[in-house]
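Report on one structure; see the data block that follows.
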Amino acid sequence: MKVSLTGIKPSGTVHIGNYLGAIVPAIELARRFERSLYFIADEHALTSVEDPAKLHAQIYDLAATWLACGLDPERTFFYRQSAIPEVFELAWILGCVAPKGLLDRAHAYKAALAAGEAINVGVYTYPVLMAADILLFDTTVVPVGKDQKQHVEIARDVAEKFNRLYGDVLALPEPEIGDQSMTVPGLDGRKMSKSYDNVIPLWAPAAQRRKLVMRIKTNSQAPAEPKDTESSEIFQLYRLFATPQQTAQLERRYAAGIGWADAKTALADVMEERLAPLRARYEALRADEAALDRVLEQGAQRARAIARATLARVRAAVGIATPGASAAQRETAT
Ligand code: TRP
């Protein structure tokens, strides 16, 4: 069976670049797999977030965001990492297989080291926990951004080593790197990214979003001059939200000479058209944390059924099978 799994870190404001570049493609991708698991990596977030109220809010923001954008929790197992205790036991076992040198070479750890940051043990063992997230569910495909590719490769290396030691127990995952042509420009023309402080938050109220759109950098061409679409961030963003007909129409307005203020208004309008219904859904979902808990808990229950079977197989393979384990579990172990 082809199984896709990915973890999403609750790390703050979701912006238009995340929405178009990650959320929408991931939701599309889930439809292609017999089984898909998307989870909120709340335990991973602890390596960097130390404010409990903030972390709590970010977890629910994220859950509501993915559901509002169309993640179907009936089809895709949607859960919190922290609700799956099997992950943490598997992480320990994998940690006993993973060579230290493999973790020493992890880019994220090396970058933190180079930056002179205070590094907690969680930062260092981060890839082992991530390997457990992945390997616990017989994952075959892990859709991630470029920055996470090495982590998935580490998971695969650890699974291979485990299998060499203990037999054919773990499925080997492959990273699937998101479409890199989907670069969403930010307010200053660079790729939209929190680290450039050039983002348009996905759930900004219409008026705030309009204000941000008005700040997008343009050249100094006069209103009546014909304008180039390819080099215009406004046009590039417009195209990502508009229908092909709307895009063709704006292209004609560019050729005929459109003022930058009018182009920005067109962009703010088309964004609002597409995002207003999503925002309404988001706000309704976000207002009811208990309901979000129920959705995530249901996902966790379904995920744990798989997790328990894998962990039983792993425990048996390494020689710590629980004496009381059911016959069925022992069977899957052999
Ligand atoms: N490390 C990922 C990130 O920072 C989040 C993550 C945690 C993840 N566990 C995972 C991604 C397992 C894919 C599979 O974005």
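The values are calculated or read from the model by the stated rules, or taken from the named source; none is laboratory data. Small disclaimer: the values here were computed from a predicted structure and weren't measured. FYI the Cβ positions are ideal-geometry reconstructions off the backbone, even for glycines, and counts take in every protein chain you see. Please note that ligands, DNA and RNA were not included when accessible areas were found on the heavy atoms of the full protein model with its side chains. Shrake-Rupley method; radii C 1.70, N 1.55, O 1.52, S 1.80 Å.
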**OP:** Output the residue which, of all residues in the stretch 158-174 that are crowded, with 17+ Cβ neighbours inside 10 Å and either assigned to a loop (DSSP other than H, G, I, E, B) or without any contact (Cβ under 8 Å) to a residue 60 or more places away in the chain (or both), is nearest to the ligand (Cβ to nearest atom).
**Re:** Pro173
Subject >> Lone qualifier among Ile23, Ile27 - being in a helix (DSSP H, G or I) and open to solvent by 10 Å² or more (accessible area, probe 1.4 Å) >> reply: Ile27
**OP:** Report whether or not Gly122 is away from the ligand (no atom under 14 Å from the Cβ) and either assigned to a helix (DSSP H, G or I) or open to solvent by 60 Å² or more (accessible area, probe 1.4 Å) (or both).
**Re:** no
Original post:
Just checking, how many residues over the stretch 84-100 are small (Gly, Ala, Ser) and open to solvent by less than 30 Å² (accessible area, probe 1.4 Å)?
Top reply: 2
**OP:** Residue by residue through the stretch 288-311, note down the ones that are open to solvent by 70 Å² or more (accessible area, probe 1.4 Å) and more than 22 Å from the chain's Cα centre (by Cα).
**Re:** Arg308
Subject >> In the stretch 1-20, the residues that are within 17 Å of Ile177 (Cβ to Cβ), without any contact (Cβ under 8 Å) to a residue 60 or more places away in the chain and open to solvent by less than 10 Å² (accessible area, probe 1.4 Å) >> reply: none
**OP:** Pairs only if they're at least six apart or on different chains, beta carbon under 6 angstrom, first in the stretch 60-77 and open to solvent by less than 10 Å² (accessible area, probe 1.4 Å), second among the aromatic types (Phe, Trp, Tyr); list them, first residue then second.
**Re:** Ala64/Tyr282; Ala68/Tyr282; Thr76/Tyr38
